[in-house]
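Accompanying notes for the structure given below.
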Amino acid sequence: MSADCGHPDFHEAESIAAAQAPSWSSWSSRFAATAGLSIVATALTWFVGAFAGSSMSSEESCRQAGVTYDSAYRAVHWRESSRWFPLHDRCNATYDLVPAWINPALVLLSLLAVLCIGAAVWLAVVRHRTTSARRRPHGNGPE
């Protein structure tokens, strides 16, 4: 019996399986693409939250939402609506024009982007080390 397990198509099947297996670079690019989409989704989510309300005037947006606008509360908490994160545009102590899902989505999408970038970089380093190790000659002396 030969080394190919007695099957004439053994090497052909082996090469087909190797061709169908995803390479390190394809996984790395998939993670990079996912990170890019997460960054775009984070930006879109932030814009939805930052421009929540029906008009540029918070007082008018609160009135259109059917909520009383508390100018004394807004005067005390004036920094709250001008921060980049967490996003808030409160009409009073109990009602926020920014939807409740915005801030958790910003955290999760940002975390997903960071993890995907980390995975893409890690896979690229592994691929580089693997390919450079294959190119080095084995042994200590010149061949």
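Here is how the numbers come out for the structure above:
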| read-out | value |
| --- | --- |
| Close pairs from region 108-137: first closer than 12 Å to Gly36 by Cα, partner β-branched (Val, Ile, Thr) and not in a loop (DSSP other than H, G, I, E, B), Cβ under 6 Å, at least 6 apart | Leu109/Thr42; Ser110/Thr42; Ala113/Ile39; Cys116/Thr34 |
| Test result for Val98, among the hydrophobic types (A, V, I, L, M, F, W, C) and surrounded by fewer than 17 Cβ atoms within 10 Å (Cβ to Cβ) | no |
| Pair list, Cβ < 8 Å and 6+ apart or interchain, from region 60-73 residues that are in the same structural domain as Asn92 (by TED's automatic domain parsing) to residues that are assigned to a helix (DSSP H, G or I) | Thr68/Cys62; Tyr69/Ser58; Tyr69/Glu59; Tyr69/Cys62; Tyr69/Arg63; Ser71/Glu59 |
| Selection count, region 123-143, where residues are surrounded by 10 or more Cβ atoms within 10 Å (Cβ to Cβ) and modelled with pLDDT under 70 | 0 |
| Hey, Thr94 at pLDDT 90 or above and not in a helix (DSSP H, G or I) or not | yes |
| Candidates Ala41, Ala32, filtered to the one that is closer than 27 Å to Leu111 by Cβ, in a helix (DSSP H, G or I), touching a Cys at 6+ places or on another chain (Cβ under 8 Å) and among the aliphatic types (A, V, I, L, M) | Ala32 |
| Residues of region 36-58 satisfying the condition of being more than 14 Å from Trp84 (Cβ to Cβ), in contact (Cβ under 8 Å) with a residue 40 or more places away in the chain and hydroxyl-bearing (Ser, Thr, Tyr) | Ser38 |
| Qualifying residues in region 57-71 (those that are closer than 12 Å to Arg90 by Cβ and small (Gly, Ala, Ser)) - the one surrounded by the fewest Cβ atoms within 10 Å (Cβ to Cβ) | Ser71 |
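Residues are listed down the side, and each one gets a yes or a no for (1) out of contact with any Leu (no Cβ under 7 Å at 6 or more places or on another chain); (2) in a helix (DSSP H, G or I):
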site	(1), (2)
Ser61	no, yes
Gly66	yes, no
Tyr69	yes, no
Ala75	yes, yes
Ser81	yes, yes
Phe85	no, no
Pro99	yes, no
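The values are calculated or read from the model by the stated rules, or taken from the named source; none is laboratory data. This structure is a prediction, so every number in the text was calculated from the model and none was measured. All Cβ positions, glycine included, derive from the backbone under ideal geometry; neighbour counts span all protein chains shown.
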